[in-house]
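Accompanying notes for the structure given below.
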Amino acid sequence: MGRVKGGIIRARLEFMTDRIGPEAAKAVVAALAAEDRQILGEGILVSRWYPFALLVRLDHAVAGSCGGEKALEELGAKSAEFHLGALYRNFALANAPHDFFRNASLSHQLFHDRGSMEYEKSGDDSCSLKVLGPDFDPIYCRSAIGYFRRSAELCGGPGASVTKRACRADGASACVYEIRW
């Protein structure tokens, strides 16, 4: 199984702490398996690689403690606000959703050590993203939906929507998202 950068893990922990408070978040982490508690207890470095499996287990914990899988879409939206307020700010300022998603497909490897993302323009106000690779989980896809939707909005696509057209968990060769704004 692959790995993800610590920034993705840290975003979950911060979201959970903001949503349910520090003491409740500590209790959720304390209920995780010993191996997960050990990794999380060492402190998460944004530049370090962590197991994708840890991310999936943490996503389940976030969903369980923060109001269900819908909370993961909110987490994804918060992550987009962070990225477009800092790392990808120029795309938001340029009102350029297509440019952002084209770049996101190229930078996928900065945050995931396996797999890839393919961008395809499908119209003036739409595109599709195909996420390929060995690591997948439907719960992780929920945060991706929120991330893609909010990214489109922040880049000038009001009323953006994301539809998941295919999923590896259902036997498809890739997870495919259709984004409209």
Residue that is nearest to ILE8 (Cα to Cα), among those in the stretch 72-126 that are among the aromatic types (Phe, Trp, Tyr) and over 14 Å from the mean Cα position of the chain (by Cα): TYR88
Residue in the stretch 22-44 that is surrounded by 16 or more Cβ atoms within 10 Å (Cβ to Cβ), at pLDDT 95 or above and small (Gly, Ala, Ser) present: yes
The lone exception for LYS78 - which of (1) touching a residue at least 24 places away in the same chain (Cβ under 8 Å); (2) buried (at least 20 other Cβ atoms within 10 Å of the Cβ); (3) closer than 25 Å to ARG57 by Cα it fails: (2)
Any hit, the stretch 111-132, residues being at pLDDT 95 or above, surrounded by 14 or more Cβ atoms within 10 Å (Cβ to Cβ), more than 29 Å from MET1 (Cα to Cα) and in contact with a Cys (Cβ under 9 Å, 6 or more places away or on another chain): no
2 or more residues in the same structural domain as GLY146 (by TED's automatic domain parsing) and hydroxyl-bearing (Ser, Thr, Tyr): qualifying strands (runs of 3 or more DSSP E) within the stretch 29-132: 116-123, 126-132
The one condition in (1) in a strand (DSSP E or B); (2) touching a residue at least 60 places away in the same chain (Cβ under 8 Å) that GLY156 fails to fulfil: (1)
In the stretch 161-181, residue surrounded by the most Cβ atoms within 10 Å (Cβ to Cβ) [restricted to those that are part of a strand (DSSP E or B) and of a type in the set (Ser, Thr, Tyr)]: TYR177
Conditions (1) small (Gly, Ala, Ser); (2) out of contact with any Gly (no Cβ under 7 Å at 6 or more places or on another chain); (3) under 20 Å from ILE139 (Cα atoms): number failed by GLY21: (3)
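The values are calculated or read from the model by the stated rules, or taken from the named source; none is laboratory data. Fair warning: this is a prediction, and the values are worked out from it, not measured in the lab. Cβ coordinates were reconstructed from backbone atoms using ideal geometry, including for glycine residues, and neighbour counts include every protein chain displayed.
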